[in-house]
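Heads up, the thing below is written out as structure tokens.
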Amino acid sequence: MTMRIESIQDLEKLQKTILARTDPEKARIRICAGTGCRACGAEEVIDAFNKEVVAQGLDADVEIKATGCHGFCERGALVVLYPEGILYQMVKPEDVQEILKKTIVDKELIERLLYVDPVTGERIAYEKDIPFYKRQRRTILGMNPSIDPEDIDDYIALGGYLAAAKALAEMTPEEVIAEVKESGLRGRGGGGFPTGLKWETCRNSPGDARYVICNADEGDPGAYMDRSLLEGNPHSVLEGMIIGAYAIGANEGYIYVRNEYPLAVENAKKAIEQATKYGFLGRDIFSSGFELDVKIARGGGAFICGESSALMTSLEGKPGRPRAKYIHTVERGLYDRPTNLNNVETWANVPLIINKGAASYRQTGTEGSKGTKIFSLVGKINNTGLVEAPMGMPLREIVYGIGGGVPSGKKLKAVQTGGPSGGCLPESMIDLPVDFDQLTKVGAMMGSGGMIIMDENTCMVDVARYFLNFLKDESCGKCLPCREGIKRMLEILNRICEGKGEEGDVELLKEIGHTVQETSLCALGGSAPNPLLTTLKYFGEEYVAHVRDKKCPAGICKDLIIYTIREEQCNGCGACAKVCPNHAISGEKKKPHRIEPAKCIKCGICSETCRQQAIAAA
């Protein structure tokens, strides 16, 4: 039976007991079991390890643990061998027997499973030496590879819940708020509002009850930071919520999580159950007289429910629609009572601040943005995955140092930060420090941390169209500027990409964009024009080419493309003709071929197939 923890002393004693069961010299195999690695077969790899250690008689000498996300998602399934710290990537079940025999028993490396640096071609054996990991500062994500998210004892072994114990047993709510204010922590969900100030306002707002909510309704395309944290280390989020609830005087909390995140839902549920058994949730936590119950609420997948007031109306069982911003949720939120909402990453930062102190936390980051930030680094980048970097790290270091640069020797064209409502920044801004204030100055935003890399073959007009198309479907339709303005901007962009753009379209786009930005009810509409306005500002020549010259410089917009074959480069191999789905290519063997424009459907398969690069899009 799980004993109830009544004090800091009880918790420290439990931590020592757990650590005493661990042999630091024992071979430890950690397998990423996050959603990304599961998609790459991690569950089968885990099963294979569990069976093979028994078959080889190593079950007494080897500890196997399925953990949360390690971050290097495109390289899954990821397996790390400790105490050496050897990283094997893209591991399959058929590799398991060899890993145990060669590396665990014979202490030999398996070359084919090692990471290969895309720049130098060097094979790197140790996780700490791989640039993707070496250049990060993983203060939040760094716990994931050591924790089985289904086992609370793993979190406690690393000092888990000591911050909550300290806050409840040794600090007043006002002292907790003062420490968080002093730390400079800003909300990681998008707006970057000072967390401590938010808590203070909520505590001081009149009301007979208060609520704390964790916003895990992560809806940005390509973003999965909150999912990976809640999947991999749910107790860090719960601990942050306990501290926050104590600080503002709330006795009821909710984790609002996307229903499309089943593993995050499952692990968060188990974490709540385990924390309750130890007495970290429920009545009289740490003998302080404070009580807190936390429940899971599943979102229906509406992007608008990432907005605070829309999320709360959804929690109440109503359609998720935002309210006017002059009604502050810290004063009148859930059920019209004071409510404090922070996202997953913000809550996970709180225990660090209480444990190490505000002064220590402030040492990382810039003057106005403290701590680290987790980004999902995706798109045209060699190293795709979750990246945790100190605030203020230049884009160059993230893209080239951590991300390994753009694949296939292509040039970087743009970086889009902040999700579908973020801004697109040109390559000329590659040395921009990444923090809340610097991104805002250039028309972009931090958002929740999505970072999409685009290469020279990206059409920025099409990018703006893509994001507006997404936001059109996600607008709740409550206010006219957002509902109609996004549609009108999208209609104009569709015309431009179809070669039907007219003089004055660019000016009209700017006018509508600024109007929607300034008059929309909530942040979705207020930020929706960002992709359009930043591409107009930094890539205006592409709009001119589309409207005036009826050309797409990147060769993406099909209605503006004509595929031709350069005779001097075509050797008549016929590969393009074989793959053409509409039989638009003809020619004799070993002689230059030609494309019939009337038959060409502009799919681009011929261009991708041609090894001579003889097919051009103009």
Where does each of 454, 429 land when they are ranked from fewest to most other beta-carbon atoms within 10 angstrom? 429, 454
In vacuo Debye sum over C-alpha of the range 233-281, base-10 log of normalised intensity I(q)/I(0) at q = 0.12, 0.21, 0.22 Å⁻¹, listed in q order, is -0.26, -0.75, -0.82
When 428, 308, 205 are ranked with the fewest other C-beta atoms within 10 Å first, the list becomes 428, 205, 308
Mind giving me the FRET efficiency for residue 201 and residue 7? R0 is 41 Å, r the Cβ-Cβ distance, nearest 0.05 is fine. 0.85
Placed amide H near residue 332: partners under 5 Å, 5+ positions off or other chain: 339
Calculated FRET efficiency for the pair residue 396/residue 508, C-beta based, R₀ 35 Å, to 0.05: 0.45
For the range 453-521 the GluC sites (Glu not before Pro) that pass both the DSSP coil test and the at-most-12 other-Cβ-within-10 Å test are 502, 503
Spelling it out for residue 294: with amide H atoms placed in the peptide plane at 1.01 Å from N, the residues 5 or more places away or on another chain with amide H under 5 Å from its amide H are 253
Note the angle between two axes, namely the Cα long axis of helix 42-55 and the longest principal axis of the Cα atoms of the chain, as a number of degrees from 0 to 90, rounded to the nearest 10. 60
Relative contact order of the range 338-386: what whole-number percent is it, with Cα pairs under 8 angstrom and at least 6 residues apart? 16
Taking a cut-off of 22 Å, what percent of all Cα-Cα pairs in the range 372-455 are separated by more than that? 11
Scalar couplings 3J(HN,Hα) for the range 80-85 by Karplus 6.51 cos²θ - 1.76 cosθ + 1.60 (θ = phi - 60°), nearest whole Hz, x for Gly and Pro, are 10, 9, 10, x, 5, x
Quick one: what do you get for the range 306-427 if you divide its Cα Rg by 2.2 N^0.38 Å? 1.37
Point-charge dipole on Cβ atoms (K/R +1, D/E -1) for the chain, about Cα centre, debye to 20: 1420
Non-local residues with an amide H under 5 Å from the amide H of residue 432, with H modelled 1.01 Å from N and Pro and chain starts lacking one, are 395, 396
Residue by residue through the range 268-281, what is 3J(HN,Hα) from phi via Karplus (6.51 cos²θ - 1.76 cosθ + 1.60, θ = phi - 60°)? Round to whole Hz and write x for glycine and proline. 5, 4, 5, 5, 5, 4, 5, 5, 5, 4, 7, x, 7, 10
Quick check on the range 152-362: take the gyration tensor over C-alpha atoms, sort the square-rooted eigenvalues as a ≥ b ≥ c, and tell me if it's rounded (a/c under 1.5), prolate or oblate. rounded
Taking Cα pairs under 8 Å and at least six residues apart, what relative contact order does the range 372-455 come out at, in percent? 37
By the gyration tensor of its Cα atoms, with a ≥ b ≥ c the square roots of the eigenvalues, what is the shape of the chain: rounded for a/c under 1.5, prolate for a/b over b/c, or oblate? oblate
The range 487-555 -> Rg/Rh from Cα coords, Kirkwood Rh, value 0.99
For the range 502-514, take each phi angle, set θ = phi - 60°, evaluate the Karplus expression 6.51 cos²θ - 1.76 cosθ + 1.60, and give the result in whole Hz per residue in order, putting x for glycine and proline. 10, 4, x, 5, 5, 5, 5, 4, 4, 5, 5, x, 5
Taking Cα pairs under 8 Å and at least six residues apart, what relative contact order does the range 97-189 come out at, in percent? 9
For the range 428-508, convex hull volume per residue from C-alpha positions, Å³: 145
Report the charge-dipole magnitude of the range 372-455 in Debye, nearest 20, computed about the Cα centre from +1 at each Lys and Arg Cβ and -1 at each Asp and Glu Cβ. 260
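Where a number appears in this text, it was derived from the coordinates with a stated rule and is not lab data. A quick note: this is a predicted structure, and the numbers were derived from the prediction, not measured. When we count neighbours, we look across all protein chains shown, and the Cβ atoms used for this are built from the backbone with ideal geometry, even at glycine.
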